[in-house]
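Each reported figure results from applying straightforward, stated rules to the coordinates on display, with no laboratory input. All values reported here derive from a predicted model rather than from experimental measurement. Cβ placement follows ideal geometry from the backbone for every residue including glycine, while neighbour counts extend to all protein chains displayed.
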Amino acid sequence: MDDAPLSAVDRPNSYIGRSVPRPNAKRLVAGRGSYVDDLRLPRMAHVAFLRSPHAHARIVAIDSAAAKQSPGVIRVVDGREMAAVCTPWVGVLHHLKGLKSAPQHALAVDRACWQGEPVVAIVARTRAEAEDAIALIEVTWEELPAAVEMETALDPATAVIHPELGDNLAFRRDHVGGDPDACFADPDAVVVQATFHTGRHTGVCLEGRAILADWNPAEGRMVVYHSNQAPHMMQTVFAKHLGLREGEVRVICKDVGGSFGIKVHVYPDEVATVALSKMLGRPVKFIADRIEGMVSDIHARDHRIHAKAAVAKDGTLLAIEIDDLTGIGPYSVYPRTSAVEGNQVVNLTGGPYVLKGYRARTSVVFQNKTPTCQYRAVGHPIATAVTEGLVDLCAEAIGMDPAEIRRRNLIADDAYPCKNLANLAFEGLSHQRSFSRLLELMEYDKLRAEQAEARQRGVHRGIGLACFIELTNPSPFMYGIGGARISAMDGATVRLDPDGSVQISSGVTEQGQGTEAMLAQITASAVGVDVSRVRVTTGDTETTPYGGGTWASRGAGIGGEAALQAGTALREQILVIAGAMLQAPPEALDVRAGVVVDRATGAARLPLEELGRIVYFRGDTLPKDLPRELVATRHWTPKDYPFCFTNGAQASYLEVDPDTGFVTLLGHWCVEDCGTVINPMLVDEQIRGGVVQGLGGALYEHCVYSPEGQLLTGSLADYLLPMSGEMPDITVAHVSTPTRESALGAKGAGEAGTAGAPAAVQNALNDALRPLGAKVFAQPFTPARILGALGRF
Amino acid sequence: MQHAIDISVTVNGERVQARVEPRTHLIDFLRETLDLTGSHAGCEHGVCGACSIMVDGQMVRGCLMLAVQADGASVQTIEGLTESGAIAALQEAFVARNALQCGFCTPGMLVAAAELLRAHPAPTREQVREGISGNYCRCTGYHAIVDAVIDAAATMRKG
C-alpha cells in the first residue's frame, strides 16, 4: 500500500467527486420551500409602485389625494419624500477609468429616465389595495426627448440624458495587444469581417424580485428577507443609504427562486421598500410581478460589434479587431456598474486562441431604456459569438474545416502559465484536450457525413463549434479595487456538536445551483463524517461568516475552499482531543464516517458522539491544559491570479427550414474543465441549464423597444423563453485541470454553458445556410431574420 | 369587500368555507387565505405554469381561475399531493436526478408531469417534452426533468 499521505480532497470515504443528491431538494419538491413571498409577519403591509409610463419625462405634479383615501392605503410616498430618508447612489468603480454616472434615487425625483422607473410608492394592507390606489394617482408628465437607440446616443442631435455629465458616453476602453496593424497589413493574410448583434434580453427568474423589510424601532434593527445572491453586500447598501450601521441591518436570504445575476444588483424599488419599513416602523413586503419585472429587472447583452480577423492561408490566426457598442440605460447600475459587460467583451474576445495582434474598443452609452448590468456569463456569450463567428469566417475564407482551424490555433495545453494579448493570466487550461474530447463525444466525422447525406435530400442541417474561456473565482481585482464593498473573500465556520453532528455556516449562498450540497460534501469529507450528519447554513449576515455570496462562479472555488480548510482544521482539533483521550499521538489517528480511527489500520477507536459527550459534559475528565475547541473558522480568497479562468468547447447540431426560417435543435454537446468536480451531477446540471439560457438568448429572447422607448415585449406572451418542447438533450463531459491556487482545486462552472451556446448555434446556423448563400450574425436568430438573410422576407 | 361571495371548496381533502372578493384568483386564495404557499405565482398571466394545481382532477393554472369559480370543486395542491403520496415516485425521481434547482417551478412541474403520466404511463422523451412544454423552468434546461419523469414512469409501472 502506498504510504503517501492522502491529499486534502482525496481522503477515505471522500464525497468529492460523488453525485450526492442535494440536502434541500426534498423540501422543495414537497412545496415546503420558503421564498420571500411565503413569509408573513405581524402588521405586514404591501407596497406597489407607480412606474413611469414614459421613457423620459419631467414630473410636473403628483396628485395623490384620492389614492390616500383609497381603502387599505397606509402611506403614499413620492421621490422628494423618499429622498429625505434615503440617499441616492452613483454606480461607478474607480478602476474602470473614466466611468461616469448620475445620482440615482430610490424613487424618481423631478424626472423619470426609463419606462418602468419607480415614481410613487403606495403602501397598503394588501397588494391588491395598493394597486387599486395606484390607479387613483394623477401624475402630470411633460415628455422629454428620449435617447433610445444606442447607435445614435452620442450624436450631437440626441438629447443628453444627464446634462451635468456632458454627454451620453458612460465609459470607453481601448486596448491594443501585439501588433494588429502589421497583421492586417500582411499581404499574405486573408481578412474577414462581420457585424454582430446580441439582442437585449433579461433573466426572467421564475420567482420575481422579492423583499420583505422589517424595521423594529424599539430595537433599532432592520431585518431584511431578500431574494438575493449577496446578503453582505446588501447589508452594506441598506445601512449606507438609510443612515444605519451595518451591524443594525440583518439580511436573510432563504430560498431564492433563481437569480442568474439578476438578484445581485441594487434596485430602487427594493431600497425604497426598506426605507418605507423604516418610515412606517412595520414590515413592508414588495414582490415584483412579472409585468413590472420585465421593465425593472436589469437587462443585458445589448451589443453591436464590428469585428474583423486576419488569417494566414495556412490557417494560422493572426489578429482580431473589435469595436463594441453597448447601451446600458440611463444609469450605471450600483454598485457593480454597467461598464463591466463591455469591459469583459474586450477582455474575453479571442481568449482561447494564440494571436499576434488584438485591438478592441468598447463604448458604453446611456439611453432611456431599462438599465442593463451583469447577467449570467457577463460578456462571455458576446465575446464567444464574435470570436467563434470570426474563426468560422476565416475557415471558410481559406477553405479549411472549422474543426481543423481550431485545432491549429487553440492555445497548446503545455503553454501554461501564460498571458494573452488582452493581458489575461492563465494558470492552466485544456483547450486542446477539451476540444478533442468534444469532437469524439459528438462523433464529428459521422455527423458531417450525416449532414452531407441530409443535404442530398434537400434538408439543411448545420454543425457549429465554439471554444470559450470562462472567468471564475474573482479576486478583489473584480470589484474591491474599484472601491466597492463586495467581498472577494468568504469564510466558513464548522462546528462539531455533542451528538457527533456537524454544522457549517458559509458566506456563499444558494439559489438552486447546489451550493449547500457542495458545502455539505466538502465538510463531510474534510471532517470525516457521513454527509447526512452535516447541516448547512447560508444566506444570513448574522449567522454566517462575512462573504461575497454566490456570483461569477465563485461558490465552489472560494466558499468550497474555505469549507475544506475549516473542516480540516476541525478534524485536527478533534484529533488533538482524541489523542489525549486515547493516549495516542494525533497524527496516528483519523476521523472516518463519524468515528475516530487508527490511521494505519482503520480500526475504530472512539465515536465522535462519545468525544462530544466528554468534551461538552465531562470536561472535568480531560487534562486541564488540553485545547477543547470544536469550532473552526477559516477564510479564503484568491491571491495568485486576479481570476481563475476555465475553458471548454460546445457544439450544436440543428436543422433550418428555409421556407419558414424555423430552427430545430437536434443536439448539443459541451465539454468543460472546471478543475476538481465536487458533484458531477450538479455540475452537469449547471452546464445544461446554462446552455439553455444561452440558447434562449440566441434564438428567442429579446427586449424589443419602440422608437419612443416603450418595451414591446413586456409580458411572457410576447417575450419568448426556451420551453422543453424546443430544447434538445444536452451531452456533457469534463476534462479536469485543478487550480493549484487552492487545496480543493475547484474552478467555477456556473456560466460555461451560457458562454458558449449562442456561438455554437450561430455557427451551426451559418453552416446550414452556407449552400443557400446566407449568413446571420444578429441574435436572436428569429425566423424573420433567417428568412431576411435568405432574401425571402 | 362589499361584493364578497361565500364559497365552499374542498382543498386537499379538507372542506373550506370562505368569503372571497370576486376578483381574487384561485392561486392567491390558496396562498394568501389558506397559507398553502407551495404553489407559486410566476407570471400571473397563464404562461409559466408555476401555479399549476389540480381542480376536480384536471390540471389548471391557478392564476387563470378565480376563487369563486372553484366553489363546490375539489382542489389538490402540492401539499395535498405530497401528503397523499400520489406523486411520490415523481418526487423521488426529481431529487435523484436533480431535476430541480431553485425549486420555484417544481410544484407546478410535478403537477404537469403527473397529468402527463396519467395519459402516457410509458412516455417517450418527446412525449415528456410535449407534456411539460407549458411549464417554464429557467434553471435546469429541462433535460434532467425529462430523465426524472421517464424514471418515475418506470417505477410507477412496476407498481
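The value obtained for region A:185-244, namely the Cα convex hull volume divided by the number of residues, is 190 Å³ per residue. To the nearest µm²/s, what D does Stokes-Einstein give for region A:171-298 at 37 °C and 0.692 mPa s, using the Kirkwood radius over alpha carbon pairs as Rh? Here the translational diffusion coefficient equals 187 µm²/s.
Taking only alpha carbon atoms, chain B gives an Rg to Rh ratio of 0.99, where Rh is the Kirkwood radius. Gyration tensor analysis over the Cα atoms of region A:353-422 returns equivalent ellipsoid semi-axes of 29, 17, 12 Å (largest first, whole Å). Scattering from region A:338-494 was approximated by placing one identical point on each alpha carbon and applying the Debye formula without solvent; log10 I(q)/I(0) at 0.08, 0.11, 0.17, 0.20 1/Å stands at -0.33, -0.59, -1.12, -1.35. If I model region A:28-95 as equal point scatterers sitting on the Cα atoms and use the Debye formula, what is log10 I(q)/I(0) at q = 0.21 Å⁻¹? Scattering profile of region A:28-95, log10 relative to I(0): -1.12.
With the Kirkwood sum run over all distinct C-alpha pairs, region A:634-746 has a hydrodynamic radius of 17.1 Å. Checked against a 25 Å cut-off, the cross-linked pairs A:K747/A:K775; A:K254/A:K278; A:K419/A:K446; A:K240/A:K369; A:K446/A:K747 give Cα-Cα distances beyond that limit for A:K747/A:K775; A:K419/A:K446; A:K240/A:K369; A:K446/A:K747. Cβ crowding within 10 Å ranks A:V508, A:V266 as A:V266, A:V508, fewest other Cβ atoms first. For region A:468-518, the alpha-carbon coordinates run over 46, 28, 16 Å along the three principal axes, in decreasing order. This ranking places A:M478, A:M400, B:M65, B:M109 by how few other beta-carbon atoms lie within 10 Å of each, fewest first, which gives A:M400, B:M65, A:M478, B:M109.
Rg ratio for region A:234-391: its Cα radius of gyration over 2.2 N^0.38 Å, N being its residue count, equals 1.34.
Taking a ≥ b ≥ c as the square roots of the Cα gyration tensor eigenvalues, region A:437-478 comes out prolate, since a/c reaches at least 1.5 and a/b is larger than b/c. Rounded, prolate or oblate for region A:464-556? Axes are the square roots of the Cα gyration tensor eigenvalues, ordered a ≥ b ≥ c, and the cut-off for rounded is a/c under 1.5. Note, shape of region A:464-556 comes out oblate. Our note on the geometry: Cα centres of region A:278-345 and region A:574-597, 53 Å apart. Placing +1 on each Lys and Arg Cβ and -1 on each Asp and Glu Cβ, with no other charges, gives chain A a dipole about its Cα centre of roughly 1220 debye.
Taking all C-alpha pairs of region A:485-626, those more than 27 Å from each other amount to 26 percent. The tail of the calculated P(r) for region A:420-494, taken as Cα-Cα distances beyond 19 Å, holds 64 percent of the pairs. Size estimate for chain A follows the Kirkwood approach: the inverse of mean 1/r over distinct Cα pairs works out to 27.7 Å. Considering only A:G428, A:L390, A:G357, and ranking their Cα positions along the charge dipole of region A:352-444 that arises from unit charges at the beta-carbon of Lys, Arg, Asp and Glu, the one farthest toward the positive end is A:G357. Computed over the alpha-carbon atoms, region A:59-114 gives an Rg to Rh ratio of 1.14, Rh here being the Kirkwood radius from the mean inverse distance. The alpha carbon convex hull volume per residue for region A:585-681 rounds to 252 Å³. Converting phi to 3J(HN,Hα) with the Karplus coefficients 6.51, -1.76 and 1.60 and the offset θ = phi - 60°, region B:69-85 yields 6, 8, 4, x, 8, 10, 10, 10, 10, 4, 5, x, 5, 6, 5, 7, x Hz in sequence order, with x at every glycine or proline. More than 13 Å apart: what percent of Cα pairs in region A:642-683 qualify? Of all Cα-Cα pairs in region A:642-683, 70 percent lie more than 13 Å apart.
Once you sort the root eigenvalues of the Cα gyration tensor of region A:1-125 as a ≥ b ≥ c, which label holds: rounded (a/c under 1.5), prolate (a/b larger than b/c) or oblate (the other case)? Cα axes put region A:1-125 in the oblate bin.
Just so you know, the Rg over Rh for region A:752-793 is 1.01, from Cα atoms, with Rh as the Kirkwood radius.
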